[in-house]
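S.K.: Submitted below is the structure of interest, expressed as structure tokens.
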Amino acid sequence: MKPTIVLFDIDGTLIVAGGAGRRALETAFERCVNRPDALEHVRFGGMTDRLILQQAFDAIGIPFEEKLAQEIFRTYVAALEDELERAEHFRVLPGASDMIRLVRDAAGLSVGLGTGNIEAGARLKLKRGGLWKHFSFGGFGDDHADRGELLRSGAERGAKQLDCPLSRCRVVTIGDTPRDVHATRRLAELCPGVETESIGVTTGSFSSEELTLAGADYVFAGLQADGVLDAIRLPS
Ligand SMILES: [Mg+2]
């Protein structure tokens, strides 16, 4: 088996935050630009935080400015901490903790994140579920608005950890939306020669049919399902 970098999505794949992320971002838009309604028509699934901000700015007719974006992110992170504390419906999804540990402890595998969350948000969400301690690298929403590009950032960090050039590695992504699958395709375009595979899990809002149609190499009912680790370890 080639040295393999495994990049986990967060929301809908490892945890469900019970709406804490959306509420925190609404609070940030309210506090920074007095527009709590900015996100009304923005769907979050599989998005990156920067893309969510861009769509929200478009919706309320405010030009995207980096300084304002950073202010909104700072306010969001402070609000997220409170929201996560009181999020009654927050949960770690079945099998997530065990799967992360299995991947982390297996020879030739390196476990990381491939998430649209900015790193500070990812940290808070995963800390709430006791999972943050398992991760030492990832591609995050701070790296890029484009999910494929942020996967590349994560993959490059994983290759460094494996002490192997990325061109000789395999990258496996695990996510719950067609956007995760498409981003994995994009990663393959961005890094010619790198073997990529995507695993879809139906623990979010998308069905097995939708993930298969998007081009997922494997689809499972969740991380507890038989065969997930085999799919990670064995190229198709
Ligand atoms: Mg997700």
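S.K.: Which of the residues belonging to the stretch 65-112 are assigned to a helix (DSSP H, G or I) and acidic (Asp, Glu)?
M.R.: Our first condition is that a residue be assigned to a helix (DSSP H, G or I); within the stretch 65-112, this holds for 66-85, 96-105.
Listed by number, the residues that qualify are GLU66, GLU71, GLU81, ASP82, GLU83, GLU85, ASP98, ASP105.
S.K.: When you check GLU197 against the structure, is it part of a strand (DSSP E or B), more than 16 Å from the ligand (Cβ to nearest atom) and under 19 Å from the mean Cα position of the chain (by Cα), yes or no?
M.R.: yes
S.K.: Within the stretch 176-186, is even one residue within 16 Å of the ligand (Cβ to nearest atom), of a type in the set (Val, Ile, Thr), part of a strand (DSSP E or B) and in contact with a Gly (Cβ under 6 Å, 6 or more places away or on another chain)?
M.R.: Within the stretch 176-186, none of the residues are within 16 Å of the ligand (Cβ to nearest atom), of a type in the set (Val, Ile, Thr), part of a strand (DSSP E or B) and in contact with a Gly (Cβ under 6 Å, 6 or more places away or on another chain).
S.K.: List every residue pair whose Cβ atoms lie under 8 Å apart, where the two residues are 6 or more positions apart in sequence or sit on different chains, the first residue falls within the stretch 15-39 and is at pLDDT 95 or above, and the second residue, located anywhere, is assigned to a loop (DSSP other than H, G, I, E, B) and hydroxyl-bearing (Ser, Thr, Tyr).
M.R.: Listed pairs, sorted by first residue: VAL16/THR203.
S.K.: Taking the stated definitions as given, is GLU40 out of contact with any strand residue (DSSP E or B) (no Cβ under 7 Å at 6 or more places or on another chain), part of a loop (DSSP other than H, G, I, E, B) and acidic (Asp, Glu)?
M.R.: Considered against the rule, which asks whether it is out of contact with any strand residue (DSSP E or B) (no Cβ under 7 Å at 6 or more places or on another chain), part of a loop (DSSP other than H, G, I, E, B) and acidic (Asp, Glu), GLU40 comes out as yes.
S.K.: When the stretch 29-76 is examined, which residues are found to be open to solvent by less than 60 Å² (accessible area, probe 1.4 Å) and either under 20 Å from LEU150 (Cα atoms) or assigned by TED's automatic domain parsing to the domain that holds LEU124 (or both)?
M.R.: Those that are open to solvent by less than 60 Å² (accessible area, probe 1.4 Å) and either under 20 Å from LEU150 (Cα atoms) or assigned by TED's automatic domain parsing to the domain that holds LEU124 (or both): PHE44, GLY45, GLY46, MET47, THR48, ASP49, ARG50, LEU51, ILE52, LEU53, ALA69, PHE73.
S.K.: Scanning the stretch 149-197 for residues that are of a type in the set (S, T, N, Q) and over 15 Å from THR4 (Cβ atoms), which turns out most open to solvent (accessible area, probe 1.4 Å)?
M.R.: Looking at the filtered set, the residue picked out is SER153.
S.K.: While we're on this one: Name the residue, out of SER205, SER167, SER153, SER136, that is touching a Cys at 6+ places or on another chain (Cβ under 8 Å) and either closer than 16 Å to ILE10 by Cβ or away from the ligand (no atom under 16 Å from the Cβ) (or both).
M.R.: SER167
S.K.: Right, something else. In the stretch 1-19, how many are within 11 Å of THR115 (Cα to Cα), open to solvent by less than 10 Å² (accessible area, probe 1.4 Å) and outside any loop (DSSP other than H, G, I, E, B)?
M.R.: So the count comes out to 2.
The values are calculated or read from the model by the stated rules, or taken from the named source; none is laboratory data. Worth saying up front: this structure is predicted, and the values here are computed from it rather than measured. Quick reminder, even Gly has a Cβ in these numbers, built from the backbone with ideal geometry, and neighbours come from all protein chains shown. These area figures cover heavy atoms from the full protein model, side chains too; ligands, DNA and RNA do not enter into them. Shrake-Rupley method; radii C 1.70, N 1.55, O 1.52, S 1.80 Å.
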